[in-house]
1. Would you be able to tell me the number of residues in the range B:19-46 that are in contact (Cβ under 8 Å) with a residue 60 or more places away in the chain and not acidic (Asp, Glu)?
2. Looking only at the range B:44-85, count how many residues are within 14 Å of another protein chain (Cβ to nearest Cβ), open to solvent by 10 Å² or more (accessible area, probe 1.4 Å) and aliphatic (A, V, I, L, M).
3. Looking only at the range A:271-288, how many residues end up being in contact (Cβ under 8 Å) with a residue 40 or more places away in the chain and within 19 Å of A:THR396 (Cα to Cα)?
4. Considering only the range B:381-424, how many residues are at pLDDT below 90 and polar (S, T, N, Q)?
5. Hey, any hits in the range A:389-406 for a residue that's in a helix (DSSP H, G or I), within 28 Å of B:PRO490 (Cα to Cα), assigned by TED's automatic domain parsing to the domain that holds A:GLY323 and in contact with a helix residue (DSSP H, G or I) (Cβ under 6 Å, 6 or more places away or on another chain)?
6. Those residues that are open to solvent by 20 Å² or more (accessible area, probe 1.4 Å) and in a helix (DSSP H, G or I), I need them from the range A:237-248; list them, please.
7. Looking only at the range A:428-441, filter to residues that are facing chain B (nearest Cβ under 7 Å) and of a type outside the set (Val, Ile, Thr); which one of those is surrounded by the most Cβ atoms within 10 Å (Cβ to Cβ)?
8. Out of the residues in the range B:367-388 that are in a helix (DSSP H, G or I) and of a type in the set (Val, Ile, Thr), state the one that is farthest from B:SER312 (Cα to Cα).
2 protein chains.
Amino acid sequence: MPEILGHNFIAGQRSAAGQQRLQSLDASTGQALPFSFAQATDSEVDQAARAAAAAFAEFRQLPGTRRAEFLDAIADELDELDDRFVAIVCQETALPAARIQGERARTSGQMRLFAQVLRRGDYLGARIDQAQPQRQPLPRVDLRQMRIGVGPVAVFGASNFPLAFSTAGGDTAAALAAGCPVVFKAHSGHMATADLVGCAIVRAAGRTGMPEGVFNMVFGAGVGEGLVKHPAIQAVGFTGSLKGGDALCRMAAERPQPIPVFAEMSSINPVIVLPAALTQRGEAIARELAGSVCLGAGQFCTNPGLVIGLKSPGFSQLLSEVGQQLQQQAAQTLLNTGGLRSYEEGLTHLHAHPGIEHLAGQVQTGTQAHAQLFKADAHLLVASDPVLQEEVFGPTTVAVEVADDAQLRAALLGLRGQLTATLIGEPEDLEAYAWLVPLLEEKVGRILINGYPTGVEVCDAMVHGGPYPATSDARGTSVGTLAIDRFLRPVCYQNYPQALLPLALQDANPLRLRRLVNGQWSDAPL
Amino acid sequence: MPEILGHNFIAGQRSAAGQQRLQSLDASTGQALPFSFAQATDSEVDQAARAAAAAFAEFRQLPGTRRAEFLDAIADELDELDDRFVAIVCQETALPAARIQGERARTSGQMRLFAQVLRRGDYLGARIDQAQPQRQPLPRVDLRQMRIGVGPVAVFGASNFPLAFSTAGGDTAAALAAGCPVVFKAHSGHMATADLVGCAIVRAAGRTGMPEGVFNMVFGAGVGEGLVKHPAIQAVGFTGSLKGGDALCRMAAERPQPIPVFAEMSSINPVIVLPAALTQRGEAIARELAGSVCLGAGQFCTNPGLVIGLKSPGFSQLLSEVGQQLQQQAAQTLLNTGGLRSYEEGLTHLHAHPGIEHLAGQVQTGTQAHAQLFKADAHLLVASDPVLQEEVFGPTTVAVEVADDAQLRAALLGLRGQLTATLIGEPEDLEAYAWLVPLLEEKVGRILINGYPTGVEVCDAMVHGGPYPATSDARGTSVGTLAIDRFLRPVCYQNYPQALLPLALQDANPLRLRRLVNGQWSDAPL
């Protein structure tokens, strides 16, 4: 393992021009770790953005297969990071080693999946409309379309996934796959991790002959603003709080040239438990639900923060059992002290609300998070009460008991946009409540049946997105291969000679793509 | 032809609740036409948005083939509008009848093309990742993805295309195809036209059994703000000025729930004339270029507002010939008096600039627009001087003579985002200047070789878009079938029983779609 230098990454070089140094903390003890990091100066932020811009033309024009080699090489480098690496990530995040090992496999797997997308080539969206010189009243010229990267992308690492949503995480993978160089803003919660992963990416870039500015990383509080406002940056990826995401969106919208921000922010992920399921397997549901609420100390974006059921002895029983499970749950260390403070604040709001009752959970004190169960009046949901809509990032959930189907419908209509919604039901439930599906489709990015939202598979079909405030743009996803679409834009070539056309659009179809040719899909040469 | 009632369109009914009436003007004489229009009240705007929201669930869930019937019916209704309709459009816009007939055919053809997209079904983006219960270390659940409409869309009509970019224009067609009900804000420049086209859409909706709120239209100054800020509206389509588009983007970003705005705004569409082409066919280029500058009185978004060449006797000769053509051009009536004022203002800025020289064109006076040719110092382009970057909407163009290839490159790098860029060159030019293509790709949505940007074909491969300020989001197009993507978002279905899945995602593949199944494209049932 290389030394943790703590310098910024600019065009393959390390840079520590400023005086200010930052410390990384042990998440369990709060003690400073023996590494220091150079707060990036304004000039370093500028250089990093310029390095990305300088790399863009070469990088985006590489064949997709060459960028695939780069992503595969990053994956290999990540897999080769040793146990000392895992130990440092654990120190910085208080996450168990098994979780980190799993998250590393997810992160390298994600890179390899995007490499497959590049080799498949459909991300190019190749379309050809051939000339029709005889068409009346006017001839048609030859028109061809494909997608290219939007330009350098600024990516903000997430606190809760030091690997999968950070330096070499999903946003970075999607941007690099799209041909967009990245400037990564390291999260203050895991800077040593970021340094080691950054080195892995730089080694992969060197091994595969990528342009030097393809990956850059800056450390420091407040450096994000300079990045988002930098004229070279053309899009932003972010995973974090609603407040943080909203602020980035505002900055991006107020630039002389506005740019898109893809922020994954806040979701309470309602779980609706239907009557027959309650009757037939209430106990199992209580156990599974409590497990999902506490998974990763409740610090998943898809943590079930709202459990909805129809008023019945079965639902009361479920809440009683979930409450027991959460009450018995050992306290968990959160990712950092900021996270603990936010959790305590969220609980205070819930406790203070006259329409919300505390059902179970030990008094929240000390340096660890205690799991909690609350119950809120259904009218709060119908009226879109903000306290109920706010994500409390940690092992807590709020139950809502609705009187009947009409109130269930009203409560769901009162929900803001969500990453997920879940139906727990037996076949007869799902038949009787089929009307819930179209309603939920309009509220969320992913609907689950008889599962728990906390697992987010990295695959082609995943949507980790949804209407605001779950994300800033419901048309994107930050997990799964569709994430590449956020960083691509179409370009049309009119009346081009074959030799000047990109390979993807040449008559001979040298990339063997399936293309939309004169309104029909075809993988044949023209 | 039905009477021109001038009332707002709300859920298939007509409404004129307010007192204020608006007049439509004869664009040639400035006289009021014998129709009056009811300025929509705040309550009518609200009702229109609510009507669209009420129609959304039913409309978006119709099979694509049913929505295709609706679009085809709109096309038929448009084609059946008689000569009196054409005469009224001509009165309101001062455009010649042949142009209106052509534009009507374009508009109905556009509807039919989107109907084909719906029947093809690929807009759904169906993806399936089947369960892998045996996978280690964790099983994979069944995940399926398709796209649905984002919700009700507000569309703002353009002044310059009373049909193709207005009531039943490209944004409306794309939104309806996506399953999004529309609230259309009629442009003040052609309200009688809008009324007649609105009636045609409502007839088509009735004939094909669409929900009543699928199309709504409001008249009036200032009603757009209420629409964009209405919580039911989920996206905005706009074609117009940079100032107008920027204002809508700001409003949309400042909503409690921000929404995307697709604004097509400002482009000067550089045409680069290369040396061998100048030598071999300078005269023909001069004639074609002057024709493109004056086409439609210069009121196309793709009007070539900038002609760039390398300093040479050939380029001087070209400018002299273009100047003669423009000098001789008869004055043209613009779409409305506001357009004439803007044109005069734009010319005043050009005349007043010390770095810009007036080469040809009659003194701009009277009620019609005189074609003009200016020449600007290349340094203005290199320095991104705002006067040179501003679109002057009318028959004028600015020539820039660059000293050498290095200055050509610097000048192009100084350009803001554009809808189009054009290279005029012989084969040897295109070989020598192949380096221009990647540079232009990063600046524009469409690159033309040996053509003129004013023709915008409606087809699968067209991109009528480009980086800001050409549009507010380079990832979209407002012409061509890819325009539907702006109004779609992905939804993921996890662990769904077959019966509850949308048809597009069922194992049996009843819609016979080509789907991405476990990472491979397939049109087979599973």
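The values are calculated or read from the model by the stated rules, or taken from the named source; none is laboratory data. Being a predicted model, the structure only gives us computed values, none of them experimental. So basically every Cβ, Gly included, is an ideal-geometry build from the backbone, and we count neighbours across all protein chains shown. With ligands, DNA and RNA removed, areas are computed over all heavy atoms of the protein, side chains included. Shrake-Rupley method; radii C 1.70, N 1.55, O 1.52, S 1.80 Å.
1. So the answer is 14.
2. 4
3. Looking only at that region, the number is 5.
4. Result for the range B:381-424: 2.
5. no
6. Those that are open to solvent by 20 Å² or more (accessible area, probe 1.4 Å) and in a helix (DSSP H, G or I): A:LEU242, A:LYS243, A:GLY244, A:ASP246, A:ALA247.
7. If we take residues in the range A:428-441 being facing chain B (nearest Cβ under 7 Å) and of a type outside the set (Val, Ile, Thr), then A:LEU430 is surrounded by the most Cβ atoms within 10 Å (Cβ to Cβ).
8. Filtering the range B:367-388 for residues that are in a helix (DSSP H, G or I) and of a type in the set (Val, Ile, Thr), the one farthest from B:SER312 (Cα to Cα) comes out as B:VAL387.
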